[in-house]
Every structure is written in C-alpha cells, then in structure tokens.
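Throughout, read-outs are computed from the coordinates displayed, never taken from laboratory work. All figures in this text were calculated on a predicted structure; none of them were measured in a lab. Note: ideal-geometry Cβ built from the backbone for every residue, glycine included; neighbour counts use all protein chains shown.
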Amino acid sequence: MRFFVSVSGGKDSTALLLWAKNHLPNNLIVPFFSDTGNEHDFTYEYINYLQDKIGFEITRLRAEIPTTKAEKYGLTEEEFRELPVMLQQALHKGRFASSQARFCTTDLKLEPAKKFLKQFEGDKVMLVGVRRDESLARANAKRMEFDEFYKCPIWRPLVDWTAEDVFNYLKEHDVEPNPLYKMGFKRVGCFPCIMANKDEIYEIAQHFPEHFDRIREWESMVGRTFFAPLKKGMINWVDDVVAWSGGNNGYIEFPELPKCKSHYAICE
C-alpha cells in the first residue's frame, strides 16, 4: 500500500503532508507536485522548504504537451518544450483555459498525477487536502471514496477542518505557510489563475506586476486573451483586466516584504 499526497504549496496540501507524516508509515508516503509553469517563485521555493522541513522528497511532475503546433509558431520542437508548460498547452489548443473549459487542471495537474500513479504496482490511495468549508461545491465532499479517474480510493483526511484548523496545525508543528498568505493572497496556486477575481488581480498588479508582463507575452504568442471577458462580447487583454481591477502596470518598490496583512488572520 502506498499513500500518494498531492502537494501544491498551498496551506491545505501542506497540512495534509504534515498530517500524513504524523499518522502514516513514512516509507509508504509518496508526495508529488504538479508544476503548471505558472507558479510564483515563492511557491517553487516553498516546495523546497517543505522537503527540508518535513523530510520528504517531493517529486516534480510536468505535463507532456504535443509539439505538433511548434512550427506554426515559428518554434523548433526543442524550443517549444522549453516554454512554460501552461503556455505550451495554450499554443497547442490555440487558446487559454476558462471556467467553462478547465483543461489547465485536467491536463497539467490530474493527467500527470494519473500517469505518475500508474508507474507503481500494488495498492494505492490518493490523499487530497479538500475541505468542506472551502466552497459550496465541496460542501458534501466525502472522506473516502473510490475514484474512477485514478482507479484507486481518494482519501480526504482534512475534510472537516477549517482554514483556522489548518494554520493552527502548521503552527503547532513549526511549519511556516507559503509566504504569499502573509501578503494578503487567499490562494497561491497558479499566479495568476485564469479565474482570479478582481481583488486578486489588483494585489498581483500592485506587488508582482512582472507576472502580468509574462501573461502579456503569452497573449501575444497565442493571439488570445488569458482572462475571460469582463462582459459578454468584450475582448479584454491583460492590461484591460488590470486597469479594471484598479491596479497599475508599474512596479511598487518594497525594501522588504510588505507588512503582514493575511486574509486568514495568521499574522502575529
């Protein structure tokens, strides 16, 4: 029996990995991180921190996108493969993902995880850090059920926990959360997410405008917008969306990280 733990660098999966270490045979735990190519550098650094702090090697997974469209964009297959995997996916499909077509999650996270699990023989259980109080969509999440996609049971040990429980658990075991939480961000996976709300876009624009510089380059290459239309029938490029959020496209210089303003009240 092996226990696979999906680690994103977010609070819930971090608490899940720590819980697994404290409750399961450590030699049977297999943590992994699915890299979308659209993460903040803090998150990549945080995965390294977790390896050292919690003591598990976290396998990095990366989706394999077909290179058949490389020539269309004036790229060799090698140049195509060197691009961030989310951009590869957008070039291959001719568009970015959306709330109605979330192939970013399916192709960049779920499929690589499924392929990874297939490499192992014997009984398997997938652990995920889903909590019922996260959203209405997850309000009825089961603690354990068989999953046809992974062909193994899905176990959600933290399903009854609150966000406060999660942060308290990390604090009790001397594990720091991803630093983005203390900067006011509610979620840290994909930066920005295609479904980022107005406040999230504003905060990224104020503190990390270079991330929108990247999205601007991606839009230029793909010829499509990264974010969904703000209104039906509108075409909104990244600068339009940043302006809508109230943010700006210039840098704000911080001599050090901004004072803690956590959404989850974790500052001391």
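Building the convex hull from the alpha-carbon atoms of the stretch 168-208 and averaging its projection over directions returns 3.3 nm². Remark: the stretch 45-129 is approximated by an ellipsoid whose semi-axes, taken from the C-alpha gyration tensor as √(5λ), come to 28, 16, 14 Å, largest first. Dipole orientation for the chain: of the candidates Gly10, Ser220, Ala101, Ala101 has the Cα lying most toward the positive pole (charges on Cβ; Lys, Arg +1; Asp, Glu -1). What the phi angles of the stretch 131-144 give under the Karplus curve with 6.51, -1.76 and 1.60, with θ = phi - 60°, is a coupling list of 10, 5, 8, 5, 6, 4, 5, 10, 5, 10, 4, 8, 5, 8 Hz, glycine and proline written as x.
Stokes-Einstein at 10 °C, 1.306 mPa s, Kirkwood radius from Cα pairs: D for the stretch 1-86 in µm² s⁻¹? Rounded to a whole number, D works out at 109 µm²/s. Kirkwood analysis of the stretch 145-196, using all unique Cα-Cα pairs, places the hydrodynamic radius at 13.7 Å. The loop-placed GluC sites (Glu not before Pro) in the stretch 53-147, going by DSSP, that have at most 11 neighbouring Cβ atoms within 10 Å of their Cβ come out as Glu57, Glu82, Glu121. Whole-percent P(r), the stretch 1-146, all Cα pairs, 10 Å bins from 0: 10, 34, 35, 17, 4, 0.
Quick one: Debye curve from the C-alpha atoms of the chain, no solvent, what's log10 I(q)/I(0) at q = 0.07, 0.09, 0.12, 0.17 Å⁻¹? Debye curve over Cα of the chain, log10 I(q)/I(0) at q = 0.07, 0.09, 0.12, 0.17 Å⁻¹: -0.27, -0.45, -0.81, -1.49. Taking amide H atoms as placed 1.01 Å from N in the peptide plane, the amide H of Val5 lies under 5 Å from those of Val30, Phe32, Leu127, each 5 or more residues away in sequence or on another chain.
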